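Chemist: One structure is given below, represented as C-alpha cells, and several questions about it will come after.
The values are calculated or read from the model by the stated rules, or taken from the named source; none is laboratory data. Values in this document were obtained by computation on a predicted structure and should not be read as measured data. Neighbour counts run over all protein chains shown; Cβ positions are idealised from the backbone, glycine included. Just so you know, the surface numbers come from the protein's heavy atoms only, side chains and all, with ligands and any DNA or RNA stripped out. Shrake-Rupley method; radii C 1.70, N 1.55, O 1.52, S 1.80 Å.
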Amino acid sequence: MTWNSWSLLATAMVSVAAARGPRPGPTDGEVRSMHLVSSAGRAELVVSLKGAVSVKDFTLSDPARVVIDLNGAVLPADFKSGYDGVNRAGVVGMRVRQVNESTVRVVLVMDRLKPYTVEQKDDGVHVAFGADQSFMAWSTGSVAPMAAADQPDAKPVEARQSVTRPASRLATKAVVVEPVETAIEEPTTAPARELRGIGAVRPLYTPAQQRQEPRLTVSWDNASIQDVIAGFQAISGRSIILGKSIDVKVTAEIRDKPWPDAFKAILGAYGLSVQEVEGGILRVDAPETLAAIDSLEPRETAIVKINYASAGDMVGTVKGVLSKRGSVVADTGSNSLIISESRSQIPGIRDFVTGLDIRPPQIAIQAKIIFVDRTDVEQLGFKYDLATGNQFYNKVLQRGDPKKDGEPYLPGINVVDLGGNAISAIANADAFIASSALDLTYSIALGGFSLTSFLSALERVDLTDVQTEPVITTKDNKKASLLVGEEIPLRVVDASSLGGGAGQQPRATVQFKEVGIKLNVTPHVTNNRQVVLNIETERSAVKTLSAADLGFSIDKQHTQNEILVADGETAVIGGLTVTTVTRSKTGIPLLSSLPLIGSLFSFTSNTENRKDLIILVTPRIVDDQTPEN
C-alpha cells in the first residue's frame, strides 16, 4: 500500500460511513452558536439554530460520547468553536463538524455516560443531563477550524490546544496526534470504527493516554513495510524513518486500536524496534542495528544541579535508567549530578532527574508528652520488748550498765541472768519505718517484768506530673527525633582489674546513659495530603541495684508503630502504663494471723506505684504549595 492507497482507503471509508449516516436533504437550517450552561441540579447544552432541522441522537463508548446529528443544517463558513477542555458536569470535550452537505454533527465527550434528554424548541436544540455541582458557563469561542494538511478533501476539524507535561527518559519531547475524528461516528453496535485523521499534537504519556490517540481499522495483505510505515506516518503526524536494509511484507489486521499500540505490535511481530532521535523523529530498524548506532553515538557530559534532594542519594536511582555506556557521579560540594551518556539520551535523563528533584513538603510535628508517676505508701507496725532488771535484750531499748555509771550497753550485747528464773523477749525488733509519721510508746510493769510496746505508722503519696510540648519541623521522609530526659553519669567498677595484688583498688570508669522520653517520627505526605507517621517511642530510667558498686539496671518501655492521619489530626499513642504493687508483712507467728487483732502483732507495708506515659502527635503540612516554574 502506497500513500495514495492510504488516501484512497481513508476516502473510501469516509464515503462508506457517510453512506450509513443520514441521507442528504434540504439545508434549511443553520447552526448559529452553542452554549453550555448550568441550572439547578443539571447542565444544558443549547444549540441555537436558524431554520428547521430534524434531530437524531445516539451514544458511543470508549470513550463515552453523546452524538447529536442535526439533519438539514449547515455550519457557517465563519463558525468558530473550540472547547477549552474544562470538565463541566462531565463534559470534557466537544467537537462540531459538517458531516455531509446537509448534516451537522455535535459530539459531547463525557467522563462517563449518564442519562440525558434531547428537546427541540423554537430557539434550537436543548440537550440536558444531571450535574453534581454548578460551573461557569461556556459559549462558542474564537478558535478557528483547521483541516488535515495531507487530505485536501477532508472536512474542517476542530483545533485543540496542545498540552505539555514532563516525560520519561524514552518519551522525552515525544508527540502524538490528538484523536480528532474525520469519519462518521457510529453506535457501538457497528462492526468497527473508521480510520481517523490528523489533529493537534500533545505528548505521549501512559497507555491510558495512548488509548485516546487516533484509532484505526485497517488490514494489510502482503503489503510492503514501506507502505505500512507511510500509513502510520500519515495518521500520527510523526516523522518516521525506515532503515535501508529493512524489506519485509506485512500481513495483519487491526480493528479499532490506538495507533501507538498498533504500531508497536506490528513492529514487534516482524522483529523491528523504534527509537526516537533528535527532533522527535522515529527511527525504525532491527534492534541490533539501533544498538550499534547508539554505541557509535558520541558521549556527552552534563551537569544537573539538584535543588531539593541529595545528589548522593539520587545516584543509585539515575544509574537504573542509564545505558551500559552511561555513568553518573555526585558532586557533594555543589549538590550536582555529573552524567555522561549518549548525546540523544542526555535530554531524557535530564528530564528524568528534574522529575525526581521536586520540592518536598515540610511537616511541623507538635508533640505533647504527659508522664505521670504516682506512688502510694501505707505502713503500720508494732514492736514489743519484755524484760526484767537482770535480763533483757539490748536491741529495741538501750539500757544502762550499772558497772559503768549507767552508760548504755553497746548494741548487740544482751544481758542474761544465769542464776535466776527470768524470761525476756522482743517482737519485730528488725522492723523499721523510715520517716514515720506517728510513733507511740507504751510501758507497763507486770510483776518483776516490764512490757514496752512501740507503734509506728506512715501514709505517703508521691506524685510526679511532667508535661512537655516540643515542636519540630522536618522534610518529607526525613526522621525527626525528640528527647525529654537527661544523661546520667554512672560509675562502673571493673572487678577484674584487682589482679590479686594486696592493697590494690578496683578500677572504676564513668559512663553516661541517656534516659528519659524519646520520640522518633518519620513523616510521609501522601498524594491526597494525608500524613503517614512511622513513630517510635521510648521511656527509660536508670535503677541502681544497691548502694555498693554492683551495677545498675535500666527500666524501659518501648513502642513502634505506623499510622495514617489527616493534616492537622492528632494521633494518640497510649499503652505505656506500668503499675507495681508491693505488699509485705512481718509479725509474731500465729498472733499476726489472728483476725481483727492480727495487726497488733505485725508490721505491714503496702506500696503501689503507677506510671502513665501518654504521647499526642499532631502533624501539620506547612508548605505553601506554590507551583514550580
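Chemist: Would you point out the residue of the range 61-87, among those that are in a strand (DSSP E or B) and in contact with a Leu (Cβ under 9 Å, 6 or more places away or on another chain), that is farthest from D256 (Cα to Cα)?
Modeler: Going through the range 61-87, the residues in a strand (DSSP E or B) turn out to be 65-71, 73-74.
Applying the additional criterion that residues be in contact with a Leu (Cβ under 9 Å, 6 or more places away or on another chain) yields 65-68, 70, 73.
Details: R65: 16, V66: 19, V67: 19, I68: 22, L70: 26, A73: 30 Å.
Filtering first and then ranking leaves A73.
Chemist: Looking only at residues in the range 235-264 that are polar (S, T, N, Q) and within 46 Å of the chain's Cα centre (by Cα), which one is least open to solvent (accessible area, probe 1.4 Å)?
Modeler: Of the range 235-264, the ones polar (S, T, N, Q) are 236, 239, 245, 251.
Next, from what is left, pick out any that are within 46 Å of the chain's Cα centre (by Cα): 236, 239.
On the way: S236: 1, S239: 64 Å².
Across the range 235-264, the extreme among qualifying residues is S236.
Chemist: Quick one: is V125 buried (at least 20 other Cβ atoms within 10 Å of the Cβ) and of a type in the set (A, V, I, L, M, F, W, C)? Step through it out loud before you land on a result.
Modeler: Working: buried (at least 20 other Cβ atoms within 10 Å of the Cβ): yes; of a type in the set (A, V, I, L, M, F, W, C): yes.
Against the criterion (buried (at least 20 other Cβ atoms within 10 Å of the Cβ) and of a type in the set (A, V, I, L, M, F, W, C)), V125 qualifies.
Chemist: If you check K368, K324, which single one turns out to be more than 27 Å from R620 (Cα to Cα), open to solvent by 30 Å² or more (accessible area, probe 1.4 Å) and at pLDDT below 90? Don't jump to the end; show me each part of the working.
Modeler: On the way: K368 fails: more than 27 Å from R620 (Cα to Cα).
When all the criteria are applied, what remains is K324.
Chemist: Only one of (1) open to solvent by less than 60 Å² (accessible area, probe 1.4 Å); (2) touching a residue at least 12 places away in the same chain (Cβ under 8 Å); (3) of a type in the set (A, V, I, L, M) fails for I303. Which number is that?
Modeler: (1)
Chemist: Give the range 382-413 a look and list any residue that's buried (at least 16 other Cβ atoms within 10 Å of the Cβ) and in contact with a Gly (Cβ under 6 Å, 6 or more places away or on another chain), or say none.
Modeler: T388
Chemist: Test each condition in (1) under 27 Å from L458 (Cβ atoms); (2) open to solvent by less than 50 Å² (accessible area, probe 1.4 Å); (3) more than 60 Å from the chain's Cα centre (by Cα) for Q379 and report the one that comes out false.
Modeler: (3)
Chemist: Could you check how many residues of the range 90-108 are modelled with pLDDT under 90 and of a type in the set (S, T, Y)?
Modeler: Looking only at that region, the number is 1.
Chemist: Could you tell me whether the range 394-417 includes any residue that is under 20 Å from G587 (Cα atoms), under 60 Å from the mean Cα position of the chain (by Cα) and aliphatic (A, V, I, L, M)?
Modeler: Our first condition is that a residue be under 20 Å from G587 (Cα atoms); within the range 394-417, this holds for 394-397.
Subset that is under 60 Å from the mean Cα position of the chain (by Cα): none.
Scanning the range 394-417, I find no residue that is under 20 Å from G587 (Cα atoms), under 60 Å from the mean Cα position of the chain (by Cα) and aliphatic (A, V, I, L, M), so the answer is no.
Chemist: Please verify whether D69 is under 17 Å from G124 (Cβ atoms), free of Cβ contacts under 8 Å to residues at least 60 places away in the same chain and among the charged types (D, E, K, R), treating the condition exactly as stated. So that I can check it myself, show each step before the final result.
Modeler: On the way: under 17 Å from G124 (Cβ atoms): yes; free of Cβ contacts under 8 Å to residues at least 60 places away in the same chain: yes; among the charged types (D, E, K, R): yes.
Criteria met by D69.
Chemist: Condition first: touching a Gly at 6+ places or on another chain (Cβ under 8 Å), modelled with pLDDT under 85 and either open to solvent by less than 30 Å² (accessible area, probe 1.4 Å) or in a loop (DSSP other than H, G, I, E, B) (or both). Can you find one or more residues in the range 338-346 that meet it?
Modeler: Quick first cut of the range 338-346, residues touching a Gly at 6+ places or on another chain (Cβ under 8 Å) only: 339-342, 345.
Of the ones still in play, those that are also modelled with pLDDT under 85 are 342, 345.
Now drop any that are not either open to solvent by less than 30 Å² (accessible area, probe 1.4 Å) or in a loop (DSSP other than H, G, I, E, B) (or both), which leaves 342, 345.
Looking through the range 338-346, at least one residue is touching a Gly at 6+ places or on another chain (Cβ under 8 Å), modelled with pLDDT under 85 and either open to solvent by less than 30 Å² (accessible area, probe 1.4 Å) or in a loop (DSSP other than H, G, I, E, B) (or both).
Chemist: If you scan the range 271-314, which residues turn out to be among the small types (G, A, S), in contact with a Lys or Arg (Cβ under 9 Å, 6 or more places away or on another chain), more than 19 Å from A230 (Cα to Cα) and at pLDDT below 80?
Modeler: S295
Chemist: State all residues of the range 385-422 that are part of a loop (DSSP other than H, G, I, E, B), among the acidic types (D, E) and under 15 Å from F449 (Cβ atoms); if no residue qualifies, say none.
Modeler: Looking only at the range 385-422, we keep the residues that are part of a loop (DSSP other than H, G, I, E, B), and these are 388-391, 393-399, 405-406, 409-414, 416-422.
Next cut, among the acidic types (D, E) only: 405, 417.
Listed by number, the list holds a single entry, D417.
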